[in-house]
1. Among the residues of the range 96-113, which ones are among the charged types (D, E, K, R) and farther than 27 Å from GLU17 by Cα?
2. Restricting to the range 83-109, what's the tally of residues that are open to solvent by 40 Å² or more (accessible area, probe 1.4 Å) and touching a residue at least 12 places away in the same chain (Cβ under 8 Å)?
3. Do you know which residues across the range 1-31 are open to solvent by 30 Å² or more (accessible area, probe 1.4 Å), assigned to a loop (DSSP other than H, G, I, E, B) and either among the charged types (D, E, K, R) or in contact with a Phe, Trp or Tyr (Cβ under 8 Å, 6 or more places away or on another chain) (or both)?
4. Mind listing whichever residues of the range 32-48 are surrounded by 17 or more Cβ atoms within 10 Å (Cβ to Cβ) and either over 16 Å from the mean Cα position of the chain (by Cα) or not in a strand (DSSP E or B) (or both)?
Amino acid sequence: MSTQAQISFYLFENSTERQVESACRLCRKILNQHPKVWWYCDNAEMQNELDEKLWTFDPTSFIPHGIHLENSAVCISEELPSSNDWIVFNFNNHALEQTQEFRHIIEIIENNEIAKQIGREKFKMYRRLGIAPRTFKL
């Protein structure tokens with residue numbers, strides 16, 4: 001029997017922190033409890049930005065990662081993972097409809113009007129799929 005993923009929205013209401021920075025911090029925390037994080041991103045420029053940020057965001061620790069490297073702790077890819085043991089950060093502009101295929105989907109919403117509108121549409125889509133996303137306001 002398949003179950004639907006847990007969906008978490010991290011909404012920046014007052015902070016101007018960028019999505020890539022918050023993703024790195026949140027990812028570091030998640031990796032302490034879960035060894036596999038997938039960053040789903042279909043934009044090559046954004047993939048490179050995420051890759052670069054993981055190299056530089058914390059000079060005292062390294063998070064093993066790579067673009068299309070499924071054997072890394074963090075895999076950055078425009079493809080979705082083939083197994084459900086990944087926690088998926090969704091960096092695309094649409095909700096993931098395959099919610100039963102993943103354990104947890106994370107949406108990070110920056111504090112700007114375009115990002116908020118995309119976030120609202122994603123939230124509505126998850127609700128239409130019968131999921132009640134959790135929201136963490138930061």
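The values are calculated or read from the model by the stated rules, or taken from the named source; none is laboratory data. Quantities reported herein were computed from a predicted structural model and do not represent experimental measurements. Counting neighbours? That spans all protein chains shown, and the Cβs are built from the backbone with ideal geometry, glycine included. Side chains included, ligands, DNA and RNA excluded: accessible areas come from the protein's heavy atoms. Shrake-Rupley method; radii C 1.70, N 1.55, O 1.52, S 1.80 Å.
1. Step one: list which residues in the range 96-113 are among the charged types (D, E, K, R), which gives 97, 101, 103, 107, 110, 113.
Matches in the range 96-113: GLU97, GLU101.
2. The first filter runs over the range 83-109 and keeps only residues open to solvent by 40 Å² or more (accessible area, probe 1.4 Å), leaving 83-85, 93-94, 97-98, 100-101, 103.
Next, from what is left, pick out any that are touching a residue at least 12 places away in the same chain (Cβ under 8 Å): 84-85, 93-94, 97-98, 100-101, 103.
Adding up the residues that qualify gives 9.
3. GLU13, GLU17, ARG18
4. Answer for the range 32-48, where residues must be surrounded by 17 or more Cβ atoms within 10 Å (Cβ to Cβ) and either over 16 Å from the mean Cα position of the chain (by Cα) or not in a strand (DSSP E or B) (or both): LYS36, CYS41, MET46, GLN47.
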